[in-house]
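Asker: Input: one structure, supplied below.
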Amino acid sequence: MLKQTAHTILMIEPIAFSFNDQTAANNYFQQKGNASDADLQHQTLAEFSRMVNQLRAKGIEVLVVKDTFEPHTPDSIFPNNWISFHEGGQVILYPMFAPNRRSERRDDILRILEGHSLVINNLSDFSFWENQDLFLEGTGSMIFDRVHQIAYAALSERTDKSVFLQFCETFCFTPVYFSARQTVGGKRLPIYHTNVMLSVADGYAVVCTDSIDNIDERQMLIESLEKSGKEIISISEEQMHAFAGNMLQLQNKEGEKFLVMSQAAFDSLTEQQIKRLELYNELIVISIPTIEKTGGGSVRCMMAEIF
């Protein structure tokens with residue numbers, strides 16, 4: 001039986017984290033501050049280490065691989081965009097929008113994971129789509145309902161419809177795609193990654209339906225989630241901007257389930273939303289303000305699930 005939640009994750013320890021101008025072109029969550037790169041790295045490493053410790057304290061297996069100085073990959077802390085792991089030893093590599101993120105795909109990481117008893121029976125590489133300027137950034141672009149084999153995608157510069165449909169056909173996922181937007185400077189602009197507005201867990205989904213302007217597309221998403229047995233926990237666009245959609249459900253080897261979110265996300269939630277989430281799982285709340293502000297991503301982006 002397929003599982004929705006993993007008990008093992010891959011995280012990449014940053015060595016030279018910094019603001020990435022190339023991703024800022026369409027990631028409107030990024031904010032460029034005045035801190036030096038050295039200060040950014042120091043603060044980021046402290047936040048990263050705190051997150052690893054909090055997850056391990058709950059019995060979640062965290063496999064940490066350290067980044068390298070060369071080539072410089074300022075966003076390596078977000079591995080879920082370039083790789084995903086699936087049951088049966090299937091590993092998939094993805095085409096990345098920013099040229100300086102493509103070097104994050106490292107063969108040595110796979111060899112390290114094999115040393116931790118990861119079995120790779122099949123490696124599928126979709127990165128060739130970069131040659132056509134078409135992109136699909138892993139579980140940033142796609143949210144999987146693994147049990148029901150459904151893939152959800154908000155189309156954007158980083159999530160191409162044709163590549164998404166080929167992925168779904170290749171790996172037998174039912175595709176559900178739509179347009180999701182956020183208000184930036186008075187304009188409605190595409191949200192760069194699906195995983196900032198949607199999180200699918202075993203029995204529920206956290207979703208910012210307000211970001212889907214097309215009523216038919218919004219209803220299609222709601223009906224798909226409800227048909228697959230998910231309770232819908234809606235968040236506002238303001239909460240989404242606090243990364244309340246960028247959550248991930250995990251479990252430990254004893255089967256205890258947890259929902260991992262940032263402190264900013266937690267602080268944005270109402271008491272009723274928190275109570276509804278706690279009916280399903282314990283909450284793990286992690287403070288990563290530097291990573292969120294500079295990188296434009298939150299805790300979910302930092303974890304690549306290993307099945």
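The values are calculated or read from the model by the stated rules, or taken from the named source; none is laboratory data. Computed from a predicted structure; not experimentally measured. So basically every Cβ, Gly included, is an ideal-geometry build from the backbone, and we count neighbours across all protein chains shown.
Asker: State which residue is farthest from Val184 (Cα to Cα) when the search covers only region 29-40 and only residues that are under 20 Å from the mean Cα position of the chain (by Cα) and either modelled with pLDDT of 95 or more or surrounded by fewer than 19 Cβ atoms within 10 Å (Cβ to Cβ) (or both).
Answerer: Restricting to residues being under 20 Å from the mean Cα position of the chain (by Cα) and either modelled with pLDDT of 95 or more or surrounded by fewer than 19 Cβ atoms within 10 Å (Cβ to Cβ) (or both), the top hit is Gln31.
Asker: Taking region 236-247 as the region of interest, how many residues are touching a residue at least 40 places away in the same chain (Cβ under 8 Å) and assigned to a loop (DSSP other than H, G, I, E, B)?
Answerer: Within region 236-247, residues that are touching a residue at least 40 places away in the same chain (Cβ under 8 Å) and assigned to a loop (DSSP other than H, G, I, E, B) number 4.
Asker: For region 204-235, how many residues meet the condition of being exposed (fewer than 14 other Cβ atoms within 10 Å of the Cβ) and not in a strand (DSSP E or B)?
Answerer: Number of matching residues: 9.
Asker: Hey, any hits in region 7-19 for a residue that's more than 20 Å from the chain's Cα centre (by Cα), touching a residue at least 40 places away in the same chain (Cβ under 8 Å) and outside any helix (DSSP H, G or I)?
Answerer: Yes - at least one qualifying residue is present in region 7-19.
Asker: Are any of the residues in region 95-112 closer than 28 Å to Val163 by Cα, touching a Gly at 6+ places or on another chain (Cβ under 8 Å) and surrounded by fewer than 17 Cβ atoms within 10 Å (Cβ to Cβ)?
Answerer: Taking every residue of region 95-112 in turn, none turns out to be closer than 28 Å to Val163 by Cα, touching a Gly at 6+ places or on another chain (Cβ under 8 Å) and surrounded by fewer than 17 Cβ atoms within 10 Å (Cβ to Cβ).
Asker: Among the residues of region 43-63, what is the count of those that are under 20 Å from Thr294 (Cβ atoms) and in contact with a helix residue (DSSP H, G or I) (Cβ under 9 Å, 6 or more places away or on another chain)?
Answerer: 6
Asker: Could you please find all residues in region 65-78 being over 17 Å from the mean Cα position of the chain (by Cα), among the hydrophobic types (A, V, I, L, M, F, W, C) and at pLDDT 95 or above?
Answerer: Within region 65-78, just Val65 meets the criteria.
Asker: While we're on this one: Testing Glu47 on (1) modelled with pLDDT of 95 or more; (2) surrounded by fewer than 20 Cβ atoms within 10 Å (Cβ to Cβ); (3) over 27 Å from Leu136 (Cβ atoms), one condition comes back false. Which one is that?
Answerer: Glu47 satisfies all of (1) modelled with pLDDT of 95 or more; (2) surrounded by fewer than 20 Cβ atoms within 10 Å (Cβ to Cβ); (3) over 27 Å from Leu136 (Cβ atoms) except (2).
Asker: Could you please find all residues in region 30-46 being touching a residue at least 60 places away in the same chain (Cβ under 8 Å) and part of a helix (DSSP H, G or I)?
Answerer: Leu40, Gln43, Thr44, listed by residue number.
Asker: Is it the case, given these coordinates, that Ala201 is among the small types (Gly, Ala, Ser) and surrounded by fewer than 23 Cβ atoms within 10 Å (Cβ to Cβ)?
Answerer: Yes.
Asker: While we're on this one: Restricting the search to region 272-307, which residues are closer than 19 Å to Lys58 by Cβ, of a type in the set (Asp, Glu) and under 15 Å from the mean Cα position of the chain (by Cα)?
Answerer: Selection gives Glu305 alone.
Asker: Taking the residues in region 270-307 that are touching a residue at least 60 places away in the same chain (Cβ under 8 Å) and in a strand (DSSP E or B) as candidates, determine which candidate is surrounded by the fewest Cβ atoms within 10 Å (Cβ to Cβ).
Answerer: Glu282
Asker: Next up: If you go through region 50-68 one residue at a time, how many are free of Cβ contacts under 8 Å to residues at least 24 places away in the same chain and crowded, with 18+ Cβ neighbours inside 10 Å?
Answerer: 0
Asker: If I filter region 113-134 down to residues being surrounded by 11 or more Cβ atoms within 10 Å (Cβ to Cβ) and among the small types (Gly, Ala, Ser), which single residue comes out as farthest from Leu155 (Cα to Cα)?
Answerer: Ser124
Asker: Condition test on Glu47, is it closer than 29 Å to Asn252 by Cα and touching a strand residue (DSSP E or B) at 6+ places or on another chain (Cβ under 6 Å)?
Answerer: Answer is no for this residue.
Asker: Keeping to region 177-189, report how many residues are surrounded by fewer than 19 Cβ atoms within 10 Å (Cβ to Cβ), assigned to a strand (DSSP E or B) and not basic (Lys, Arg).
Answerer: Residues meeting the conditions: 3.
Asker: Kindly list the number of the only condition in (1) closer than 30 Å to Glu226 by Cβ; (2) part of a strand (DSSP E or B) that fails for Ser124.
Answerer: (1)
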